[in-house]
Structures are given as structure tokens and as C-alpha cells.
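Working notes, structure below.
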Amino acid sequence: MSKYLDAVIVEHNPANKAINRAVIWLHGLGASGHDFEPVVPQLGLADDMAVRFIFPHAPERSVTINGGMVMPAWYDILEMSIERKVDVSQIETSAQQITDLINREIERGIKPEYIVIAGFSQGGAVAYHLALSYPQRLAGLMALSTYFATNETLDYSTSNKDMPILIEHGTYDPVVPVVLGEQAQQLLSAKGYPVEYRTYPMAHQVCMPQIQGIGMWLNKVLTQTSK
């Protein structure tokens, strides 16, 4: 039996009907699953939809760019160049840990086509890797203020060629330059994925207009079924 990552669980509208949708949302470097917990009530999700939000905590590990300091991290970042040299094997390990969480939701009765994978910053790199390689159709991929680190090594899944992808970035982001969001959008659009790309006048963060837009996107992708 898999040892699941610890996670914060927030359920939207569990009293009205059985939970049959899920969002697994990964935090950024040095943060925790509590980071996006307050966002759920602000999303404006539909009253007739019951959604379980899973905010996993990243394992503690040494991070090279922070002087080897141990902190919550999905993988080691080896250098802060624009190419973002990272430990790909650790991204793959983290992706497998999130896959275990997906499988647990499937065992609980949620179909994979009603599960969204989301990630902010470092968590977004894992979300890209996982969602684009997952062997069953997912509801969508949401990549916030992040970058696509594993395109050259990724085994793309044909099951998710039409999966909705939302990429959002702050135009004043000093941590992950907005050009990295643009690069991911261009790459995935060229491969034929249905990508929505939005920018906001902000730094490395989220803002209320963005949160409201995310809510509208989730209302859409969590109600449609795969083709």
C-alpha cells in the first residue's frame, strides 16, 4: 500500500451531494498545502457541484539554490538560470506521489476525467509533468506562475491530447519570469493542446481577479466530459 503524502483537504458543498470531483493543487517551493486553502471559498464554484480539494505538502529536502537548506520542495533546483536546471528524477518521483493521490480519489469513486491537476511555481512543474503523461483522461491542467521543465524527457500521453490547459502568470514576476509561461503556452499550443493563457499585473503571487477567473474555468472543466 502506498504511503500517501500528507495533505490539507477542503471540500466544496459536501452536504448537498456526494463528492464526485477533485482538484489536486501543488504549492510552491518552501510553502505548504495550507497556502491555497483559503482560496477555495473565493472561487465561486457552482452550488450543484461537490468538489474535494487536495493540497499536498511537499517532502522536506535540500535545495541547492538556497545554499542546501532543507525545506518543503518537490525537487531540487540546481541553478537559477532562465533554463531552470532541475533534478528531473525528483520531479518524476513527486509526480508518482501525486499519481498515488489521483488513484486514491479514483478508488473513492471519482472518475479521472473529473480530476484537475494544478500547481503554483515549483508545484506547477510537477503538475505539467504528471498531467501531460498521465495515461487516463483528466479534467484539466492548471499551471500558475510556473515553467515546463521536462518537455525533452516527457513521455506524452495520447489520452490527454485534448485536455484543457490553463496557464497564468504575473507580468512582474521576479522569481519565474513571464517568458517561461509564454514558452510553455507556445510549446503546448504548437502540439495541439487547447491552451488558455492569461497574464495579470502582479508579481509571484495570485490576485483576486485571477482567483475568480480560475473559479469560472473550474466550473467549466469539471462539468464537461471527455470526448
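The values are calculated or read from the model by the stated rules, or taken from the named source; none is laboratory data. Note that the coordinates shown come from a computational prediction; the quantities given were computed from them, not determined experimentally. Here the Cβ is made from the backbone with ideal geometry for all residues, glycine too, and neighbour counts use every protein chain on show.
General observations
- Screening Q136, Q183 for residues that are farther than 17 Å from W217 by Cα and either assigned to a loop (DSSP other than H, G, I, E, B) or under 14 Å from the mean Cα position of the chain (by Cα) (or both) leaves exactly one candidate, Q136.
- Close contacts from the stretch 203-218, counting a first residue that is touching a residue at least 40 places away in the same chain (Cβ under 8 Å) and surrounded by fewer than 16 Cβ atoms within 10 Å (Cβ to Cβ) and a second that is assigned to a helix (DSSP H, G or I) and polar (S, T, N, Q), with Cβ to Cβ under 9 Å and a gap of 6+ residues or different chains, come to M208/Q42; Q212/Q42.
- Looking only at residues of the stretch 143-154 that are in contact (Cβ under 8 Å) with a residue 60 or more places away in the chain and out of contact with any Pro (no Cβ under 9 Å at 6 or more places or on another chain), we find that the one that is farthest from Y172 (Cα to Cα) is T153.
- Taken residue by residue, the stretch 21-37 has at least one member that is farther than 23 Å from C207 by Cα and either at pLDDT 90 or above or in contact with a helix residue (DSSP H, G or I) (Cβ under 7 Å, 6 or more places away or on another chain) (or both).
- Pairs with Cβ under 6 Å, 6+ apart, first in the stretch 82-100 and surrounded by 14 or more Cβ atoms within 10 Å (Cβ to Cβ) and of a type in the set (G, A, S), second assigned to a helix (DSSP H, G or I) and at pLDDT 95 or above: S94/V126; A95/V126; A95/H129; A95/L130
- Residue match in the stretch 200-212 (condition: closer than 11 Å to L166 by Cα, touching a strand residue (DSSP E or B) at 6+ places or on another chain (Cβ under 9 Å) and among the aliphatic types (A, V, I, L, M)): no
- Enumeration of residues in the stretch 12-70 that are surrounded by 19 or more Cβ atoms within 10 Å (Cβ to Cβ) and of a type in the set (K, R): R21, R52
- Residue list for the stretch 187-202, restricted to those being in a helix (DSSP H, G or I) and surrounded by fewer than 13 Cβ atoms within 10 Å (Cβ to Cβ): A190
- The set of residues in the stretch 58-89 being assigned to a helix (DSSP H, G or I) and in contact with a helix residue (DSSP H, G or I) (Cβ under 9 Å, 6 or more places away or on another chain) consists of V88 alone.
- Test: residue in the stretch 57-70 that is hydroxyl-bearing (S, T, Y) and at pLDDT below 95: yes
- Residue check for P38: in contact with a His (Cβ under 8 Å, 6 or more places away or on another chain), free of Cβ contacts under 8 Å to residues at least 60 places away in the same chain and either over 30 Å from K191 (Cα atoms) or of a type in the set (D, E) (or both): no
- Of all residues in the stretch 165-186, those that are over 15 Å from G124 (Cα atoms) and in contact with a strand residue (DSSP E or B) (Cβ under 6 Å, 6 or more places away or on another chain) total 1.
- Selection of the stretch 80-122 for residues being of a type in the set (D, E), under 21 Å from A31 (Cβ atoms) and touching a strand residue (DSSP E or B) at 6+ places or on another chain (Cβ under 9 Å) yields only D87.
- Checking the stated criteria, A31 turns out not to satisfy the condition of being outside any strand (DSSP E or B) and farther than 24 Å from Q96 by Cα.
- Filtering the stretch 203-227 to residues that are in a helix (DSSP H, G or I), touching an Asp or Glu at 6+ places or on another chain (Cβ under 9 Å) and polar (S, T, N, Q) leaves only Q210.
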